[in-house]
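The values are calculated or read from the model by the stated rules, or taken from the named source; none is laboratory data. Note that the coordinates shown come from a computational prediction; the quantities given were computed from them, not determined experimentally. Cβ placement follows ideal geometry from the backbone for every residue including glycine, while neighbour counts extend to all protein chains displayed.
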Amino acid sequence: MPAIQRAGSADIVAAAAVSLATRERVGAELGSEVRVYEGFEALLEDPDLDAVFIALPDSQHEAAILAAIESGLPFFYEPPVGESLDQIRPVLGRLLSAPQITQADMELRFVPVVNRAARLVAEGAIGEPRTASIRMRASWKPAPDAQISLMHSLVAWYVDALDRVVGRSAERVLVQDGRGTPGRMQGYTLVQLDYGGIWGTFDASITSVCSEPETQIEVCGDEGDLVEDLFTGELRMRTKAEGQWRSELVPALKPHVGWPGMHECVADFLDAVANNGSTGADAVALAQAHLVGLAGETSIDSGTWAQVESVEDLALGV
């Protein structure tokens, strides 16, 4: 809601919540003129809506996304598209064929310093990239008995951001997973990414002692190195020609709404709806991330490298 309100291009006219406490909070925070429903099914039948934001627990993502597709309304949703592996492919297939505007909440690809770094790499500022890594630390703790892995649950943000910087998607993955938590989600994971000439790494821990989440990206090329902090917006680069580090600040809009890039991501969706345009995190982008996640699941089970399926094959049902 803060991101919608800051964008200033949309009015919140209706909301839905199962619990009475949340419905009462909607009235208290947004006013009595906002229509309040007891479930998303009733909300989607409201004739005066232009777009919908889905903000629900993972257990309800599949049902809500499918219902939103059927409604024909543009909608904004958060990955993953399902809480179990057997739900992922069918929902992705429906999203890829949906006729309306859809946008995944992949806010890290909207962080300004990520896009600044992507431009520098594409322009050859550090020469030919050789290695690229993204490191995240948080203290959330894993969910016991979860049906998808930590790597898969985070891929739409972190691996996607790394993809954006290096300008390509991984061809295959190797996951070295943590242990100790019942189910597929572990507290830490190390993912090797083969970008076809660039070796990538995703190093994640959600059992860190850090007080606030941390995320950094590093790309090393044959002519220089680049390091960026997604939370502070600091970008540092050094090259053979200059020798010393030089830095610049390219921060996301503040105060962050939970995560850097959220303001930019929401504004992008609202602009697409207002202008009947395309979004910066469409179904293809989300499907690509999930396919990397599904390859990661295969790697966890096999203990070796797994090939990443193409979005085109997924769309064709191959």
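A few notes on this one:
- When the residues of the range 123-162 are filtered to those that are assigned to a helix (DSSP H, G or I) and free of Cβ contacts under 8 Å to residues at least 60 places away in the same chain, the one that is surrounded by the fewest Cβ atoms within 10 Å (Cβ to Cβ) is TYR158.
- If you go through the range 163-173 and keep only what is surrounded by fewer than 19 Cβ atoms within 10 Å (Cβ to Cβ) and either under 23 Å from ARG89 (Cα atoms) or more than 20 Å from the chain's Cα centre (by Cα) (or both), you end up with ARG168, GLU171, ARG172.
- Hits in the range 188-226 (condition: of a type in the set (Gly, Ala, Ser), surrounded by fewer than 17 Cβ atoms within 10 Å (Cβ to Cβ) and either outside the structural domain of ALA117 (by TED's automatic domain parsing) or within 19 Å of ARG164 (Cα to Cα) (or both)): GLY196, GLY197
- Hey, VAL219 without any contact (Cβ under 8 Å) to a residue 12 or more places away in the chain, out of contact with any Cys (no Cβ under 9 Å at 6 or more places or on another chain), in a strand (DSSP E or B) and under 21 Å from ARG137 (Cα atoms) or not: no
- Any hit, the range 281-289, residues being out of contact with any Lys or Arg (no Cβ under 6 Å at 6 or more places or on another chain), surrounded by 21 or more Cβ atoms within 10 Å (Cβ to Cβ) and more than 30 Å from ASP11 (Cα to Cα): yes
- Per-region count, the range 279-318, residues part of a loop (DSSP other than H, G, I, E, B), at negative phi and more than 17 Å from the chain's Cα centre (by Cα): 6
- Of all residues in the range 300-318 being in contact (Cβ under 8 Å) with a residue 40 or more places away in the chain and more than 17 Å from SER169 (Cα to Cα), the one that is surrounded by the fewest Cβ atoms within 10 Å (Cβ to Cβ): GLY317
- Residues (at pLDDT 95 or above, among the aliphatic types (A, V, I, L, M) and either in contact with a helix residue (DSSP H, G or I) (Cβ under 7 Å, 6 or more places away or on another chain) or crowded, with 19+ Cβ neighbours inside 10 Å (or both)) located in the range 45-72: ALA51, VAL52, ILE54, ALA64, ILE65, LEU66, ALA67, ALA68, ILE69
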